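Enquirer: Okay, here's the structure, questions in a sec.
Just so it is clear, none of the values below were taken in a lab; they were calculated from the coordinates. These numbers were taken from a predicted model, which means no experiment stands behind them. Positions of Cβ are backbone-derived with ideal geometry, glycine not excepted, and every protein chain shown enters the neighbour counts.
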Ligand code: FPP
């Protein structure tokens, strides 16, 4: 079983357009698919689920769609917070949160604080997230520490670098799922996905349900993970 699953939730717009509905309805239906996926991952004992909710590039969408998405995030967070807490989910938002609408930032702060001590699945919502930006920010933070004399540049290794990423406390995703048939990483978790198995399904995100997730997991279990070596890596090597 993967310890950490990352998901690019793609195809909300196409799902709605195929039904003659406004794109926004696709995002609404996408929330239901996300709830199902989170619950199923939690039930299966998967440690972390990280989803791409809004990229740094998504600001270039029509203003009414951006506004709708921000309002949707607020509504969903408000409405689902109690259930998340009951189900022991630990929620975190990863990305440039400082530019999000104030009300959303407040809700994010509240939800993060409330659920911080929860023992269940880690649910990471990438919002105003860009992989390249995350790497640049990490480099900036390390450079600042070096300039201040706190860090010798020659000791910077992969662990020190990874500790500056938004995902500092998570293991890397074992599995990346992308819906709607696109075969791109789209600036998502560029560092963290180095050794992830990639699973692409033609299903549009609102149609992604527990049977789709099971298919992804079965496919993952058939993969031979070698991490650049020759021998398949087994759970003995990973200590889990
Ligand atoms: C991609 O489909 C989807 C998004 C950009 C938004 C995803 C957001 C949600 C599912 C809501 C999540 C809510 C919370 C609170 C985390 P698309 O619009 O790119 O679809 P298209 O490629 O068919 O146009």
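Enquirer: Between residue 18 and residue 148, what FRET efficiency follows from the Cβ-Cβ distance if R0 is 45 Å, with the result rounded to 0.05?
Expert: 0.25
Enquirer: Could you give the length gained by full extension between residue 110 and residue 35, i.e. 0.36 nm per residue of separation minus their alpha carbon distance, to one decimal place?
Expert: Gain in length upon complete extension: 25.0 nm.
Enquirer: Further, regarding this structure: Express in nm, to one decimal, how much length is gained between residue 214 and residue 169 on full extension, taking 0.36 nm for each residue of separation and deducting their alpha carbon distance.
Expert: 13.5 nm
Enquirer: Starting from the coordinates of the alpha-carbon atoms of segment 117-191, obtain the Kirkwood hydrodynamic radius over all distinct pairs and give the value in Å to one decimal.
Expert: 14.5 Å
Enquirer: In a Gaussian network model over the chain where Cα atoms closer than 10 Å are linked, find which of 90, 23, 61 has the largest mean-square fluctuation.
Expert: In the Gaussian network model the winner is 61.
Enquirer: Counting other beta carbons within 10 Å of each Cβ, put 15, 59, 191, 205 in order, fewest first.
Expert: 59, 191, 15, 205
Enquirer: Between residue 222 and residue 83, what FRET efficiency comes out of the Förster formula 1/(1 + (r/R0)^6) with R0 = 41 Å and r the beta carbon distance, rounded to 0.05?
Expert: 0.75
Enquirer: Further question: Using only Cα atoms, what Kirkwood radius does segment 106-240 have, in angstroms?
Expert: Kirkwood hydrodynamic radius for segment 106-240: 17.8 Å.
Enquirer: Got a sec? How would 82, 212 order by Cβ neighbour count within 10 Å, fewest to most?
Expert: If I rank by nearby Cβ atoms, fewest first, I get 82, 212.
Enquirer: Another one. With the chain treated as a Gaussian network of Cα nodes joined by springs under 10 Å, which of 214, 135, 204 yields the largest mean-square fluctuation?
Expert: 214
Enquirer: Further question on the same structure: Looking at the chain as a GNM with Cα springs under 10 Å, which of 144, 110, 17 has the largest mean-square fluctuation?
Expert: 144
Enquirer: Find the relative contact order for the chain and round it to a whole percent, using C-alpha pairs within less than 8 Å whose residues are 6+ positions apart.
Expert: RCO, the chain: 27 percent.
Enquirer: Distance from the Cα centre of segment 9-49 to that of segment 211-231, in angstrom?
Expert: Cα centroid to Cα centroid, the span is 23 Å.
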